[in-house]
Amino acid sequence: MSITDLTSMGESQTQIKKEINDRLKKLQDEISEFCYQCAKCTSGCEAHKLLELEPHKIVALLKRGLIDEMINSEVIWTCMSCFKCRERCPQKVAPVEILFALKNMAVASGKQIPGNYTAMLQSVLSIGLLQDIKSVTTKQNKSYSRSDLGLPDISKPNDPSKFQTMLSKLAVEKV
Amino acid sequence: MKYAFYPGCVMPTEQYAYELSIREVMPKLDIELVSLKGFSCCGEPLKSVNQMLTLSLAARNIAVSEKEGLDIFAPCPMCHLALSEAKRILDSDPNMKDRVNNYLKDEDLIYTGTSDIVHTLDLLHDIIGIEKIKELVKTPLKDITIASHYGCHTIRPKEIGRPDDSENPEKMDRILEAIGGKSKYYPEKLDCCGGLLNANLPESALTKTGQKLKGVQEQGFDCFVDICPWCHRQYDARQAKAGETVATKLEVPVFYLTQLIGMAFGISHDKLGLNLNQSPVEKIINGGK
C-alpha cells in the first residue's frame, strides 16, 4: 500500500474518476438550473483578495463543462475551505464543494499534488495521524513532550496493517 | 455526563495547551472524558485529496466510540465538522453506509449512527450551561476586552448542524461574559485564519492570520480567544511571522477559551498550559490587566 495507490492514475483509479465525474455532473446540473452569476460568493471569498480566486467564475466554467482546464489550473488549490460561499449563496449553490470535487479529480487524474498534502497523506497512511508527536518549546526555551506534561498516551490505530487495508480498499474497490 | 474524548491530530501532537486546559476544566463542570485507543485522523484536512477518504476516516472514528457506547466530544472544529458531516451522510444514505462499513470491517468496526457528536462550544454553552460556569468562577477576568474568534468550521456550513450561528455567533461571547470578560464586536470577527492553506501556500496563510490580528491590535483589544487548534497555531505560535507579512509588530495575547475559563476558576497557570502559549499572554495573566 503506497500513496500512489490512493492518488495516481493507475487502472484502479478508473472507478474513483467515474465517481468524481458523477459528482461534478450532478453539481453541473444544479448550477445550470440555479446559478444566476450574482457573484455574492466571490464578494465574501476569503481567497479572493489575496489569491484572486473567483468562485462565481468556477461555477460558470463548470456550467460550460471546462473541467480539464480547471483541474490543470493552480487556482483551484487557493480555496481555504471557509465555506462562506456555500453559506451565503442565495440559490444554494456550493462553489466550495465544486472545488473539492475538482481537486479530487486533479489528484485522481495523476496531476501533481501541491505542497504538503502528499506528506500529510503519507503520515496518515503510516501512523493514522496527520503528524507525529512534536516536542514544544516555550518562550523561556524549555522543551516539553506530551508525556512531560502528564498527558496520556496518544490515541492512534491499534493495528496499523489492518488500518492500511481499510485505506487501500478505498483506492481499488469497484463499486 | 460522559463522553469519548476524540482528540484528532493537531491538538494531541502539538497544541497541548488546549488538551491540558480541557482536561482541567471539563471535569470541574461534571463532564467525564473517556480516553479511547484506536482513533485516527478525522479526514477533513484531506478532503481536497479524496472526499471518500474523509468520509471513511470520519465514520471510522465514530465507530470506535460507538463500540464503547459513548457520545463523542471533538474539541477541534475541523474534526467536529468531518464527524458531523459523515453522520449526516451515512444516516440518510443506506447504500453509502453499507459501503463505508465494508471498509471498516477489517478493523472490526461498524458505523451504526448511535453516537452524538459535540464540540467545546456545545458542551460549555448548551450542555453545561452559563449558570453552572458562573457558579465556579473564583477570580473573574476584570476589565479585559476580548476579541472572540470562532473559526470557519465551527459555524459553517449551517446545513450540517454547527455549534453556533454562521453569521452572528455569540455563544463564546456569552461564556466570556459569564467569567467576567468584556467581549466586543469587531469587523474581522468572521474572517478565516488561513490555516488550511498551510498545506500548499503557507505564506498566504500567514498573511490571512496577520491581517486579522493587525485589525484586532489596532482596535485596542486586550486579548484574542479561540477554540480551534488550527486557528490557535496560526494566531499564537505563528503570530510573529504573521506580523512580518503585514509589516506590523504583533503583540496580541492569544488564549484558548478553556484556558481563560480555567484562569477564572482559579486553576494554576501551569496546569492550563499557559507557559506553552507563544504570544505575550503574560500581559494578561501576570496581573498586568
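Just so you know, all these numbers are worked out from the coordinates, no wet-lab data involved. Quantities reported herein were computed from a predicted structural model and do not represent experimental measurements. With ideal geometry, Cβ positions are generated from the backbone for all residues, glycine too; neighbour counts draw on all protein chains shown.
An ellipsoid equivalent to the stretch B:45-126, defined through the eigenvalues of its Cα gyration tensor, has semi-axes of 20, 15, 11 Å when rounded to whole angstrom and sorted largest first.
Can you give the average number of partner chain beta-carbon atoms within 10 Å of each beta-carbon in peptide B:1-12, as a whole number? Write down the numbers at each step before the final one.
Working: counts 0, 0, 0, 1, 2, 1, 5, 3, 11, 4, 0, 9.
Whole-number average of other-chain Cβ neighbours for B:1-12 is 3.
Positive-end ranking of B:GLY161, B:GLN217, B:GLN259 along the dipole of the stretch B:135-285, with charges on Cβ about the Cα centre, is headed by B:GLN259. Roughly what % antiparallel, to the nearest 5, for the DSSP beta bridges in the protein assembly as shown? The answer is about 10 percent antiparallel. If you run the Gaussian network model on chain B, springs between alpha carbon atoms under 10 Å, then out of B:GLY195, B:GLY181, B:GLY220 the most flexible one is B:GLY220. Remark: the Cα gyration tensor places the stretch A:46-89 in the oblate category, a/c being 1.5 or greater and a/b not exceeding b/c.
Expressed in Å, the radius of gyration and Dmax of the Cα atoms of the stretch B:135-285 are 14.9, 46.
According to the square roots a ≥ b ≥ c of the eigenvalues of the Cα gyration tensor, what is the shape class of the stretch B:199-251, taking rounded for a/c under 1.5, prolate for a/b larger than b/c otherwise, and oblate for the remainder? Oblate is the answer for the stretch B:199-251, as a/c is 1.5 or above yet b/c matches or exceeds a/b. Using θ = phi - 60° in the Karplus curve 6.51 cos²θ - 1.76 cosθ + 1.60, the 3J(HN,Hα) couplings for the stretch B:130-138 round to 4, 4, 5, 4, 4, 4, 8, 6, 9 Hz; x is entered for Gly and Pro. State log₁₀ I(q)/I(0) for chain A at q = 0.09, 0.12, 0.15 Å⁻¹ as given by the Debye formula over alpha-carbon point scatterers of equal weight, solvent excluded. For the requested q values the scattering log ratios are -0.44, -0.72, -0.95.
If you take the square roots of the eigenvalues of the alpha-carbon gyration tensor of the stretch A:117-172 and sort them as a ≥ b ≥ c, do you get rounded (a/c under 1.5), prolate (a/b over b/c) or oblate? It is oblate, given that a/c is not under 1.5 and a/b is not larger than b/c. Note on A:THR14 and A:GLN91: with the Förster distance fixed at 30 Å, the Cβ-Cβ geometry gives a FRET efficiency of about 0.35. To the nearest ten degrees, helix B:16-28 and the longest principal axis of the Cα atoms of chain B are 80 degrees apart. Helix B:77-92 and the longest principal axis of the Cα set of chain B meet at an angle near 30°. Computed over the stretch A:84-131, the convex hull of the alpha-carbon atoms projects to a mean area of 4.5 nm².
To the nearest 20 debye, what is the magnitude of the charge dipole of the stretch B:135-285 about its Cα centre, counting +1 on the Cβ of each Lys and Arg and -1 on the Cβ of each Asp and Glu? Could the numbers behind the result be given before it?
Values: 19 positive and 20 negative charges, 29 e Å.
The calculation lands at about 140 debye.
For chain B, the 222 nm mean residue ellipticity estimated from helices alone, with every DSSP H stretch of n ≥ 4 adding -39500 (n - 2.57) and the total spread over all residues, rounds to -11500 deg cm²/dmol. Volume per residue for the stretch B:77-164 equals 136 cubic angstrom (convex hull of Cα atoms). Each other residue within a Cβ distance under 11 Å of B:TYR111 adds +1 if Lys or Arg and -1 if Asp or Glu, for a net charge of +3. Using a cut-off of 29 Å between Cα atoms, the listed pairs A:LYS156/B:LYS171; A:LYS18/B:LYS189; A:LYS18/A:LYS63; A:LYS40/B:LYS158; B:LYS87/B:LYS271 include A:LYS156/B:LYS171; A:LYS18/B:LYS189; B:LYS87/B:LYS271 as exceeding that distance. Dipole magnitude for chain B: computed about the Cα centre from +1 point charges on Lys and Arg Cβ and -1 point charges on Asp and Glu Cβ, it is near 420 debye. Highest GNM mean-square fluctuation among A:LEU51, A:LEU24, A:LEU99, for chain A modelled with Cα contacts below 10 Å: A:LEU51. Between the stretch B:202-237 and the stretch B:1-45, what's the alpha-carbon centroid distance in Å? Centre-to-centre distance over Cα atoms comes out at 23 Å.
In the protein assembly as shown, the ratio of gyration radius to Kirkwood radius, Rg to Rh, stands at 0.95 when only Cα atoms are counted. Run through every distinct alpha carbon pair of chain B and return the Kirkwood hydrodynamic radius in angstroms, one decimal place. Final number for the Kirkwood radius of chain B is 19.3 Å.
Seen from a random direction on average, the alpha-carbon convex hull of the stretch B:1-89 projects onto 5.7 square nanometres. A simple rule links phi to the HN-Hα coupling: the Karplus curve 6.51 cos²θ - 1.76 cosθ + 1.60 with θ = phi - 60°, which for the stretch B:43-48 gives x, 4, x, 9, 4, 5 Hz, with x for Gly and Pro. The stretch A:66-82 and the stretch B:56-130 have Cα centres separated by 30 Å.
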